[in-house]
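J.: Before anything else, here's the structure in question.
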Amino acid sequence: MDVIDILKAYSEGIDNEIYASLSTIDPSTLCEASDHLIRAGGKKLRPVMVILSCEAVGGRAEDALKTAASMELIHTFSLIHDDIMDKDEMRRGKPSVHMLWGEPMAILAGDTLFSKAFETVLDTNTENISPKRIVNALKTVVDSCIKICEGQALDISFEGNLDVREEEYMTMIYKKTAALIAAATKAGAILGGGTEEQIEALAEYGRLVGLAFQIQDDYLDVVSNEDDIGKPVGSDIVEGKMTLMVVHALAYASEDDKERLISILQANNEDLVDDAIGIFNKYGSIEYSRDIAHTNIKTAKELLNVLENSEAKKSLELIADFVLDRTH
């Protein structure tokens with residue numbers, strides 16, 4: 001069974017919980033705007049990781065389904081608001097929510113998904129899971145939402161700032177991307193009744209996988225082809241985005257190369273992408289980023305040794321590898 005099969009195996013149950021939650025939204029326009037991106041697809045990696053983490057510590061999948069659904073609701077809320085902030089017109093091959101319904105309705109759709117996520121966790125059946133576990137899972141979900149906002153604010157503050165240190169960059173991608181994945185694995189372990197050691201190990205596993213996920217995105221932007229990633233190669237460079245490669249190259253480049261890279265990042269010119277990649281290669285920045293991602297995944301898989309052997313544990317190992325093996 002490969003990772004796509006694993007994700008598909010759980011997706012129907014997750015979708016049922018999501019649509020049950022969204023079915024009560026009124027008026028219909030808000031409901032349509034809220035579920036637009038969910039119906040457009042998505043791997044549902046985060047919600048599946050909730051269920052697998054629950055099962056890996058001895059819990060039942062059905063007890064984690066509502067919290068799994070909440071993860072997809074939060075992820076979708078963040079995408080809707082990101083698209084508004086970044087003025088992105090497409091998402092998952094479809095027009096962005098704000099392109100179809102306008103910014104005011106898109107903001108409301110994001111806010112609705114955000115609120116529904118908390119409601120969904122609280123709807124967990126207390127006959128099967130103790131209220132204390134549900135509250136602790138909810139605290140984990142809430143904390144990740146705060147971190148997402150902090151990460152987005154940091155990312156905005158980095159725009160035009162070419163003095164960002166690696167430590168600052170890693171904090172930003174942890175909060176913006178990895179915190180939700182860490183919350184997924186931690187909340188699942190809590191709901192499954194894991195030991196303190198297992199809960200912390202799975203939370204750290206999620207954090208490391210999340211960091212590697214973002215670094216791999218940055219890596220794919222410069223080494224893939226346009227058909228695989230669904231956007232022009234080097235688009236991050238054209239947009240002047242801070243990535244681990246950029247941070248590393250600016251830290252180690254000669255003054256001349258540093259000035260050249262800065263001018264490329266500020267030029268918004270796709271013809272200069274190869275020049276930037278040449279500078280990355282000169283200072284080993286692409287390889288450095290790849291090595292960091294590989295180290296994170298290796299450590300993440302080692303953390304799973306606190307778990308008994310099971311299909312769920314094996315699936316978590318496969319997902320960790322998938323983060324590096326994917327081409328988009």
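J.: Considering (1) surrounded by fewer than 21 Cβ atoms within 10 Å (Cβ to Cβ); (2) among the polar types (S, T, N, Q); (3) more than 18 Å from the chain's Cα centre (by Cα); (4) within 25 Å of THR120 (Cα to Cα), say which one GLN198 fails and leave the rest.
T.: (1)
J.: Hey, another quick one. Please go through region 305-318 and pick out each residue that is aliphatic (A, V, I, L, M) and surrounded by 20 or more Cβ atoms within 10 Å (Cβ to Cβ). If you could, list the steps in order and put the result at the bottom.
T.: To start, the set of residues in region 305-318 that are aliphatic (A, V, I, L, M) comprises 306-307, 312, 316, 318.
The answer is LEU307, ALA312, LEU316.
J.: Here's another thing I want to ask about it. Of the residues in region 175-193, how many are in a loop (DSSP other than H, G, I, E, B) and either buried (at least 24 other Cβ atoms within 10 Å of the Cβ) or of a type in the set (S, T, N, Q) (or both)? Steps first, answer last, please.
T.: Going through region 175-193, the residues in a loop (DSSP other than H, G, I, E, B) turn out to be 192-193.
Still in the list and also either buried (at least 24 other Cβ atoms within 10 Å of the Cβ) or of a type in the set (S, T, N, Q) (or both): 192.
Residues meeting the conditions: 1.
J.: Okay, next question. So which residues in region 14-44 are loosely packed, with under 13 Cβ neighbours inside 10 Å and either assigned to a helix (DSSP H, G or I) or at negative phi (or both), if there are any at all?
T.: Here is the first cut: in region 14-44, the residues loosely packed, with under 13 Cβ neighbours inside 10 Å are 16, 23-24, 26-28, 41.
Passing the criteria: ASN16, SER23, THR24, ASP26, PRO27, SER28.
J.: Hey, does region 139-162 have a residue that's in contact with an Asp or Glu (Cβ under 7 Å, 6 or more places away or on another chain), buried (at least 22 other Cβ atoms within 10 Å of the Cβ) and touching a residue at least 24 places away in the same chain (Cβ under 8 Å)? First the steps, then the outcome.
T.: Of region 139-162, the ones in contact with an Asp or Glu (Cβ under 7 Å, 6 or more places away or on another chain) are none.
No, the conditions are met nowhere in region 139-162.
J.: Is it true that some residue in region 280-289 is touching a Phe, Trp or Tyr at 6+ places or on another chain (Cβ under 6 Å) and in a helix (DSSP H, G or I)?
T.: At the first step, the residues of region 280-289 found to be touching a Phe, Trp or Tyr at 6+ places or on another chain (Cβ under 6 Å) are 283, 286, 289.
Next, only the ones that are in a helix (DSSP H, G or I) stay: 286, 289.
Yes; the residues of region 280-289 include at least one that is touching a Phe, Trp or Tyr at 6+ places or on another chain (Cβ under 6 Å) and in a helix (DSSP H, G or I).
J.: Continuing with the same structure: Can you tell me which residue within region 124-137, out of those that are touching a residue at least 60 places away in the same chain (Cβ under 8 Å) and touching a helix residue (DSSP H, G or I) at 6+ places or on another chain (Cβ under 6 Å), is surrounded by the most Cβ atoms within 10 Å (Cβ to Cβ)? Walk me through how you get there before you give the answer.
T.: Filtering region 124-137 down to residues touching a residue at least 60 places away in the same chain (Cβ under 8 Å) leaves 124-125, 128-129, 133, 137.
Filter once more, so that each one left must be touching a helix residue (DSSP H, G or I) at 6+ places or on another chain (Cβ under 6 Å): 124, 128-129, 133, 137.
Details: THR124: 21, ASN128: 12, ILE129: 22, ARG133: 20, ALA137: 27.
Selected residue: ALA137.
J.: What about ASN309, is it within 19 Å of LEU52 (Cβ to Cβ), modelled with pLDDT of 95 or more, polar (S, T, N, Q) and in contact with a helix residue (DSSP H, G or I) (Cβ under 9 Å, 6 or more places away or on another chain)?
T.: Against the criterion (within 19 Å of LEU52 (Cβ to Cβ), modelled with pLDDT of 95 or more, polar (S, T, N, Q) and in contact with a helix residue (DSSP H, G or I) (Cβ under 9 Å, 6 or more places away or on another chain)), ASN309 does not qualify.
J.: While we're looking at this one, here's another question. Of everything in region 124-174, what is among the hydroxyl-bearing types (Ser, Thr, Tyr) and either in a loop (DSSP other than H, G, I, E, B) or farther than 22 Å from LEU73 by Cα (or both)? Give them in sequence order.
T.: Within region 124-174, the first condition is being among the hydroxyl-bearing types (Ser, Thr, Tyr), and the residues that meet it are 124, 126, 130, 140, 144, 157, 169, 171, 174.
Hits for region 124-174 are THR124, THR126, SER130, SER157, TYR169, THR171.
J.: What number goes with the only condition from (1) closer than 24 Å to ALA212 by Cβ; (2) surrounded by fewer than 19 Cβ atoms within 10 Å (Cβ to Cβ); (3) touching a residue at least 12 places away in the same chain (Cβ under 8 Å) that ASP291 does not pass?
T.: (3)
J.: Residues to consider are ILE181, ILE156, ILE146; find the one that is of a type outside the set (Gly, Ala, Ser) and under 30 Å from ASP257 (Cα atoms).
T.: On the way: ILE181 fails: under 30 Å from ASP257 (Cα atoms); ILE146 fails: under 30 Å from ASP257 (Cα atoms).
Selected residue: ILE156, the only one of ILE181, ILE156, ILE146 that is of a type outside the set (Gly, Ala, Ser) and under 30 Å from ASP257 (Cα atoms).
The values are calculated or read from the model by the stated rules, or taken from the named source; none is laboratory data. Note that the coordinates shown come from a computational prediction; the quantities given were computed from them, not determined experimentally. As a convention, Cβ positions derive from the backbone with ideal geometry for all residues, glycine included, and neighbour counts pool all protein chains shown.
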